[in-house]
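Engineer: Following this message is one structure expressed as structure tokens.
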């Protein structure tokens with residue numbers, strides 16, 4: 001009987017790993033979960049957003065729009081089936097590419113969809129705040145490197161010029 005309860009508890013813990021909040025937190029914190037799909041462990045993180053929203057900037061680094069935090073669309077690899085077939089294939093291929101980067105560990109990997117508030121807005125980059133423990137932090141979107149700014153400690157932001165498969169890697 002004890003083994004049965006231990007098994008039930010272990011199953012509950014494993015299943016709870018896939019149930020994380022993917023909406024941005026208004027406090028600026030992020031949530032994450034490690035998931036094993038048979039390809040190895042990867043971590044999915046939510047976008048830490050400012051209480052007022054997430055800014056998009058023009059070529060002169062002036063804010064052109066502030067996207068509400070709850071409009072950020074994040075899809076973890078484990079939920080790739082939620083994407084249309086072309087995006088799903090690109091997403092999974094980008095994941096395999098990110099894992100193959102020599103000397104780097106994939107800390108976070110997910111799909112970032114374009115928020116409706118940015119459709120039709122002329123912007124150069126989208127500020128994407130995140131936390132990452134590690135050295136030499138890199139961010140790619142669809143395999144393209146993005147500029148990363150180290151704020152302090154484990155706080156960073158990336159200047160995203162496109163949306164899609166985001167990989168955050170470090171040494």
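Engineer: Can you tell me how many residues within region 51-65 are exposed (fewer than 14 other Cβ atoms within 10 Å of the Cβ) and either within 17 Å of residue 118 (Cβ to Cβ) or at pLDDT 90 or above (or both)?
Structural biologist: Filtering region 51-65 for residues exposed (fewer than 14 other Cβ atoms within 10 Å of the Cβ) gives 51-52, 59-63.
From the residues that got through so far, the ones that are either within 17 Å of residue 118 (Cβ to Cβ) or at pLDDT 90 or above (or both) too are 52, 59-63.
Adding up the residues that qualify gives 6.
Engineer: Okay, moving on. Name the one entry in 117, 85, 79, 89 that is in contact with a strand residue (DSSP E or B) (Cβ under 6 Å, 6 or more places away or on another chain) and either at pLDDT 90 or above or surrounded by 14 or more Cβ atoms within 10 Å (Cβ to Cβ) (or both). Lay out the reasoning, then the answer.
Structural biologist: Working: 85 fails: in contact with a strand residue (DSSP E or B) (Cβ under 6 Å, 6 or more places away or on another chain); 79 fails: in contact with a strand residue (DSSP E or B) (Cβ under 6 Å, 6 or more places away or on another chain); 89 fails: in contact with a strand residue (DSSP E or B) (Cβ under 6 Å, 6 or more places away or on another chain).
Of 117, 85, 79, 89, the one residue that is in contact with a strand residue (DSSP E or B) (Cβ under 6 Å, 6 or more places away or on another chain) and either at pLDDT 90 or above or surrounded by 14 or more Cβ atoms within 10 Å (Cβ to Cβ) (or both) is 117.
The values are calculated or read from the model by the stated rules, or taken from the named source; none is laboratory data. Note that the coordinates shown come from a computational prediction; the quantities given were computed from them, not determined experimentally. Counting neighbours? That spans all protein chains shown, and the Cβs are built from the backbone with ideal geometry, glycine included.
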